[in-house]
Every structure is written in structure tokens, then in C-alpha cells.
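Student: Structure provided below as C-alpha cells; questions to follow.
Quick note: the coordinates plus some simple rules give every number you see, no bench work behind them. As the structure is a prediction and not an experimental result, all values here were calculated from the model. Glycine also receives a Cβ, built like all others from the backbone with ideal geometry; neighbour counts cover every protein chain displayed.
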Number of protein chains: 2
Amino acid sequence: MRIVALAGGIGGARFLRGVQHAYPDAELTVVVNTGDDTTLYGLRICPDLDTVMYTLGNGIDEERGWGRQDESWRAKEELALYGSPTAWFGLGDRDLATHLRRTQLMLGGQSLTEVTATLCARWQPGATLLPMTDSQAETHVTVVEDGQRKAIHFQEWWIKHHAALPAEAITLVHHGDLLPAPGVLEAVEAADFVLLPPSNPVVSIGTVLQVKGIREALVDKRVVGVSPIIGGAPVRGMADACLAAIGVETSAEAVGRHYGSDILDGWLVDTADVGVTVPGVEVRAVPLLMTDLETTAAMARAAVDLA
Amino acid sequence: MRIVALAGGIGGARFLRGVQHAYPDAELTVVVNTGDDTTLYGLRICPDLDTVMYTLGNGIDEERGWGRQDESWRAKEELALYGSPTAWFGLGDRDLATHLRRTQLMLGGQSLTEVTATLCARWQPGATLLPMTDSQAETHVTVVEDGQRKAIHFQEWWIKHHAALPAEAITLVHHGDLLPAPGVLEAVEAADFVLLPPSNPVVSIGTVLQVKGIREALVDKRVVGVSPIIGGAPVRGMADACLAAIGVETSAEAVGRHYGSDILDGWLVDTADVGVTVPGVEVRAVPLLMTDLETTAAMARAAVDLA
């Protein structure tokens, strides 16, 4: 069984662990959002790629959901003592090595796709991780701060401001056509079906769908999405703030309709959302809590059954 | 009293702490070697500037002589697990923040001189630290490895190979005239005298002396040097390997004569080296062991007396 999943960070990564647990023999390719990526201190940082890699490679901090387990924060503390304006970014000491090595490899001329494969050679995530693109594309958020309208990097909005500044717009900034990374369209083409995990529908899945050709490739595929919204609230994260920015209600129904039957064939919602309808899409309700690996695997089975 | 000192890393920094202890009211400017500087993982790393800054700012690891006290090495351990070819470099977790912040400031357009002042605002070293130059200039060492003659970066020779590969040449690689950083020549001009601490005479002091105008500026000044060689051996470090590369014997007399009366007015040697003569230079013998702050301050007093 060949599965392709689009994914953002924590929610997507946890769901994919369930997929692997339920279907250990499946050939899984994950197309990961890189719109959250940023360059800090000259280091190329790819939060979603790292979260998926650490989660599937058993290096993740389970409690936090991102970054390395058994982490320390000494460099970060020192950066604050130096008065760095970006000391708010969660730069763990062990995690730092990933950014250092990635930057070293990229300065050596490797593409992000190649670097990701090299880093995964250590982590053995049991899946092929592909960045959505090898080009630079960064999600910027338009906010009003101190009476000034301005665009800030998604990370600054998300981490420094905890998404508390209302987003007037969320824009994926890139130059020219945003091309998919090598292998992305081929993987979708070869897949038996495509899963949209309960990742952020705007800044994770929504960003991946902006890459040229990906949305079009999904139209011809069996695609099943898993709602990141349960009973009108995001399971975790601040997806509501992102949905507000694009004028979509924070509900399983609204998100399902936002993806639409263009893309979706099936939409999995929580039992709290029984009765949700999305025209042209088969909707099923099952418990969507990823409290442990077994419940997550059950969710994955429900999604695959629907596909 | 206005003092200028040229300096490399550990030996120079310790000596300067003695100078500050003996003369707390002196106005001290330190012109620091930057030939050891390197770019790793995209980060600009300035080992000698950091050693002087940490030592005079009470952040140094006393035992090791370089890097931060209470250091941890988690990022470095992870880099080795990623198979980074530069994981031999001593990158401490706390120390990393200095490189990150420096790189951030330099990417923001600041010169190394400006960045150094910004970093020192935190450390308060009680002296003005100036890089010898704001231009890029790196010490490369020509070695023969596996039958191949090649130039490698000084850090690779010094740290990875422990200076055990014989150096056929030591070259400061730069483009065009290597200009002094702003304030360097002015500081020398304004100084009552100049001290050459017991730093490496080839890759530390010798490198600073290659900056355009510095050697010439010293000719007109009272200059007193402190021998880094005692009884035919370097007090610490591997200066002998560097001296061999330039055909200078590892002795207090040979190093004094290498600097020469052109530059030197006084040459301070250890009591083990009584009898050393350097034509045209006043030589004095005093105990040169920097075992504690008091003995180091006594050394500094002897140097200042000679000046």
C-alpha cells in the first residue's frame, strides 16, 4: 500500500505515527510544509520537517510535541543575555545540531530535499520525508501592531506573539512559480490514496496546496482528510487564529467545505461533530483524540478505510 | 597610563588579566588576532576574541583556558551523530550563543569591530577589544597528508590534528592589502607603550604584525615582549610546531631575536632563561609562570617596569 500524506508539524506527525503503527508495511511518503521555515542567526530552520523527522524517528519530546527529547536550553538562555531580538525562538541545544548540520550541507550546495534525506539517514523515520519545495517560500502574517500595519514572519507571529495579534492576511511569500520538490508529484501519482492529517488547514496543509501542481494532482486521487477541529475548537495549536484570517469558521464542517470536494473524497470528523456535511464528500465520525498510539492507530485505520 | 597589547588566545588573555590586576586604572586596548577565525555551519567563529572576552569578563573556563565556564557539549555530540566532518571543533552549548549572536549581527551589516563592542557590552572585560582587522584573513597551514600536499585551515591543523602534521608553511590568506580595523593604529599611536603577551609568536602575534601598518607603528613605540617559551618549550599550546614551520628555534632567545630590535625595546624571559641576549633589546629574567593572579600580576609589573 502506497500512501502519501501532506503534513505540518505536531498534529500531522502524531497522526502519521498512528498510520505507521496501523500499517507497518505501507510505503509512506510525507510531503512536508516548509512555509514555516526561517533563517535565524544564519541557520536554516525547518520546524515542520524536524517535527515529523523527530516524531517518526523517536527523537521527539512527547510532552511538548516539538524539539528533541531530553532537551536543554543553554544556548537560548545565553542568546537572551546577549539581547538577541530572536531569543524567543525555541532553539534547544540538541535541536541546534540539526540546524547547524542542515546549514552546513546547504552551504555545501545540497538542496533541502537532499539534506532532508541525509538527516533522515540518522533518524530512520520509516517514511520518505519530502519538503514541499526546494525553493524559498515563507509564510508571512499581516498584523497591526502599535497602530502600524506590517507583515511579520509566521514564526514571529506564532511563537513570539502566540498568534494573539489578529492576522489580517496570511501570505506565502515566494518568487515566480513555486515548484514542488523533486519526487513530490511522482509520489502523489504513484500513491493509492492521499491523507490530509489533522494539521493546520491554513498554514500547514493550505501552504502545501499552494505549491504548483499539488492541488491539481490531488483532484484525480482518492483523498481523505482528518479534521483538526473538534467541537468548534482546534485540538491543539492556534488554527482558529489562522482560519479567522482567511474567513473560515473554526468548525469541522467549515474546514471540510474549505478543502472541498475538489480535493476531498472523504472527511473524518470527531464523534462530537456527528451530522457535519460536506457536499460531494463522504463524512464519517470517529473519536479523533490522539491520546496514545492505539487510539491514533484507530484513527488512521478509519481514515484508510474511508479512502 | 595607556597600554596597548597585541594578543592571541589563552596565554595572552591570562597575562592581560594580570595587567588589569596590577594596574586597575590603566586604559587597556587589546588588538586581537583574527587569523584563527573560521566559518563553520555558516557561523562566524572568532576563537581569540572570545577567549580574551571571556577571560577578562570572568566567563572563561579556567581549567581549559578557552570557552565558557560550566559548559556543556550537547550540540557538539549531536553533530558527531549526524556525521558532520567538523564535529571535532570545540563548540560548547553556551559558547554557541556567542557565535550565533555574532553571526546575526554581522548578517545585519555590522563589522567585526562593532559586533565585538556589542558582545563586550555584556561581558564588560574592562578593556577595549579590537579585532586586528575587519577584513577576512585566515591562517592556513600547508601540510602533507597521505602523500598529498595541501593547505588546511589553522583550526583543522590545531584542533583536529593537534598540530601533529608537520607544517611546511603557515600563511595568512587574504585579498589585497590587509587593513587594520578602525581604531587600531590610533590606539597604538596614543599608547604609552605596547605589550606583546606570551602569545604564540607565529600564529597570534606574528599574524597581528602582518596587518598593514601595525609593525610600522610599533617601531616608534616602547614595546616590551614576554616570552612564551621557557627553557626551550612553550608554556602551553604547540608554539614549537609553529616556530618550526618558520624556521625559528623554540627558545626564548630565538623568539626574541625573531621579533627583533626593530620592534622590541624589552624582552622578558623566565629565570630559567637567564643569559639570553637579543641585540639592541634589554632582556630581563623574572619568573614567567602564570599560576595564579598574583604571580601573573607580578609578571605584568615586570613587563611594565621594563617598558
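Student: Sort the stretch A:97-136 into rounded, prolate or oblate with this rule: let a ≥ b ≥ c be the square roots of the eigenvalues of the Cα gyration tensor; rounded if a/c is under 1.5, and if a/c is not under 1.5, prolate when a/b is larger than b/c, oblate otherwise.
Tutor: Here the stretch A:97-136 falls in the oblate category.
Student: Normalised by the empirical 2.2 N^0.38 Å for globular proteins, what value does the Cα Rg of chain B take? Kindly include the intermediate steps, with their values, before the conclusion.
Tutor: Values: Rg = 18.4 Å, N = 307, 2.2 N^0.38 = 19.4 Å.
Here the Cα radius of gyration is 0.95 times the empirical estimate.
Student: Quick one: 3J(HN,Hα) in Hz for the stretch A:272-287, Karplus 6.51/-1.76/1.60 with θ = phi - 60°, rounded, Gly and Pro as x.
Tutor: Each residue of the stretch A:272-287 in turn: 5, 10, 4, x, 4, 10, 10, x, x, 10, 7, 10, 10, 10, 9, x Hz.
Student: How about the stretch A:163-193: which GluC sites (Glu not before Pro) there lie in a loop by DSSP and see at most 15 other Cβ atoms within 10 Å? Each step should come with its number before you reach the end.
Tutor: Working: sites: A:Glu168, A:Glu186, A:Glu189; in loops: A:Glu168.
The qualifying sites are A:Glu168.
Student: Continuing with the same structure: Note the full-extension length gain between B:Gln136 and B:Met238 as 0.36 nm times their separation in residues minus their Cα-Cα distance, in nm to one decimal.
Tutor: Working: separation 102, 0.36 × 102 = 36.72 nm, distance 2.43 nm.
34.3 nm is the gain from fully extending B:Gln136 to B:Met238.
Student: Per residue of B:42-48, how many C-beta atoms from partner chains lie within 10 Å of its own C-beta, taken as a mean?
Tutor: Values: counts 12, 6, 1, 0, 0, 0, 0.
Per residue, the average neighbour count from other chains is 3.
Student: If you don't mind, another one. Looking at A:Ala239, A:Ser199, A:Leu43, which one has the Cα that reaches farthest to the positive end of the dipole of chain A (charges on Cβ: Lys, Arg +1; Asp, Glu -1)?
Tutor: A:Leu43
Student: Tell me the distances, shortest first, between A:Lys212 and the same position across the other copies, using label points 7 Å along Cα→Cβ, in nm to one decimal.
Tutor: List, nearest first: 4.7 nm.
Student: Within 10 Å of each residue's Cβ, count the other Cβ atoms and sort B:Thr139, A:Thr51, B:Thr39 from fewest upward.
Tutor: Working: B:Thr139 27, A:Thr51 24, B:Thr39 15.
Ascending Cβ contact count within 10 Å gives the list B:Thr39, A:Thr51, B:Thr139.
Student: Give the distance, in whole Å, between the Cα centre of the stretch B:49-108 and the Cα centre of the stretch B:242-307.
Tutor: 31
Student: From the phi angles alone, apply the Karplus equation (6.51, -1.76, 1.60; θ = phi - 60°) to the stretch B:75-87 and give each ³J(HN,Hα) in whole Hz, x where the residue is Gly or Pro.
Tutor: Going residue by residue, I get 4, 4, 4, 5, 4, 5, 5, 7, x, 4, x, 10, 5 Hz, with x marking Gly and Pro.
Student: Cα-Cα over 30 Å: which of A:Lys76/A:Lys150; A:Lys76/B:Lys150; A:Lys150/A:Lys212; B:Lys160/B:Lys221; B:Lys76/B:Lys150?
Tutor: Working: A:Lys76/A:Lys150 27 Å; A:Lys76/B:Lys150 38 Å; A:Lys150/A:Lys212 27 Å; B:Lys160/B:Lys221 38 Å; B:Lys76/B:Lys150 27 Å.
Flagged as over cut-off: A:Lys76/B:Lys150; B:Lys160/B:Lys221.
Student: Please give the charge dipole size of the stretch A:176-307, origin at the Cα centre, charges +1 on K and R Cβ atoms and -1 on D and E Cβ atoms. Round to the nearest 20 debye.
Tutor: Working: 8 positive and 17 negative charges, 30 e Å.
Rounded to the nearest 20 debye, it is 140 debye.
Student: So in chain B, what percent of DSSP beta bridges are antiparallel if you round to the nearest 5? Show your work: numbers first, answer last.
Tutor: On the way: 18 of 41 bridges.
Antiparallel: roughly 45 percent of the beta bridges in chain B.
Student: For the protein assembly as shown, give the magnitude of the charge dipole about the Cα centre (Cβ charges: +1 Lys/Arg, -1 Asp/Glu; no others), in debye to the nearest 20. Each step should come with its number before you reach the end.
Tutor: Numbers: 46 positive and 78 negative charges, 25 e Å.
Charge dipole of the protein assembly as shown: 120 debye, to the nearest 20.
Student: Ok, one more. Using modelled backbone amide H atoms (1.01 Å from N, in-plane), which distant-in-sequence or interchain residues come within less than 5 Å of A:Leu40's amide H?
Tutor: A:Ile45
Student: Here's something else I'd like to know. Using only atoms on other chains, find how many Cβ atoms lie within 10 Å of each Cβ of peptide B:83-90 and report the average.
Tutor: Numbers: counts 4, 5, 2, 3, 3, 0, 0, 0.
The shielding value for this peptide is 2.
Student: Show me B:172-178, A:216-222 ranked by packing, highest mean number of other Cβ atoms within 10 Å first. Can you show the working numbers first?
Tutor: Values: B:172-178: 13.4, A:216-222: 15.3.
Highest to lowest by the protection proxy: A:216-222, B:172-178.
Student: Which ³J(HN,Hα) values in Hz, rounded to whole numbers, follow from the phi angles of the stretch A:161-173 under the Karplus curve 6.51 cos²θ - 1.76 cosθ + 1.60, where θ = phi - 60° and Gly and Pro get x?
Tutor: With coefficients 6.51, -1.76 and 1.60, one gets 9, 6, 6, 7, 6, x, 8, 7, 7, 10, 10, 8, 8 Hz.
Student: Would you please give the residues with an amide H less than 5 Å from that of A:Val223, counting only those at least 5 places away or on a separate chain, with H modeled from the backbone geometry?
Tutor: A:Val194, A:Asp265, A:Gly266
Student: Between A:Glu63 and B:Asp25, what is the label-point separation in nm under the 7 Å Cα-to-beta-carbon projection?
Tutor: Placing both labels 7 Å beyond Cα along the Cβ direction yields 5.5 nm.
Student: Now for a separate question. Looking at the protein assembly as shown, I'd like the Rg to Rh ratio, where Rg is from alpha-carbon atoms and Rh is Kirkwood's inverse mean 1/r.
Tutor: On the way: Rg = 30.1 Å, Rh = 27.2 Å.
Checking Rg against Rh, the ratio lands at 1.11.
Student: Which trypsin sites (Lys or Arg not before Pro) from the stretch A:59-120 combine a DSSP loop assignment with at most 16 other Cβ atoms within 10 Å?
Tutor: On the way: sites: A:Arg64, A:Arg68, A:Arg74, A:Lys76, A:Arg94, A:Arg101, A:Arg102; in loops: A:Arg64.
Here the trypsin sites (Lys or Arg not before Pro) that fit, given the DSSP loop and packing criteria, are A:Arg64.
Student: Something else now. Among rounded, prolate and oblate, which fits the stretch B:35-131 when a ≥ b ≥ c are the square roots of the eigenvalues of its C-alpha gyration tensor, a/c under 1.5 means rounded, and a/b larger than b/c means prolate? Don't jump to the answer; show the numbers that get you there.
Tutor: Values: a/c = 2.15, a/b = 1.30, b/c = 1.65.
Because a/c hits 1.5 or more and a/b fails to exceed b/c, the stretch B:35-131 counts as oblate.
Student: Place +1 on the Cβ of every Lys and Arg and -1 on the Cβ of every Asp and Glu in the stretch B:35-131, take the dipole about the Cα centre, and give the residue among B:Trp66, B:Trp88, B:Thr128 whose Cα lies farthest towards its positive end.
Tutor: Final value for the positive-end residue is B:Thr128.
Student: Other chains near B:103-113: what is the mean number of their Cβ atoms within 10 Å of each residue's Cβ?
Tutor: Across the residues of B:103-113, the mean count of other-chain Cβ atoms within 10 Å is 2.
Student: Do any GluC sites (Glu not before Pro) in the stretch A:1-107 lie in a loop, going by DSSP, with at most 13 other beta-carbon atoms within 10 Å of their beta carbon, and if so which? Before the final figure, lay out each step's value.
Tutor: Details: sites: A:Glu27, A:Glu62, A:Glu63, A:Glu71, A:Glu77, A:Glu78; in loops: A:Glu62, A:Glu63, A:Glu71.
Here the GluC sites (Glu not before Pro) that fit, given the DSSP loop and packing criteria, are A:Glu62, A:Glu63.
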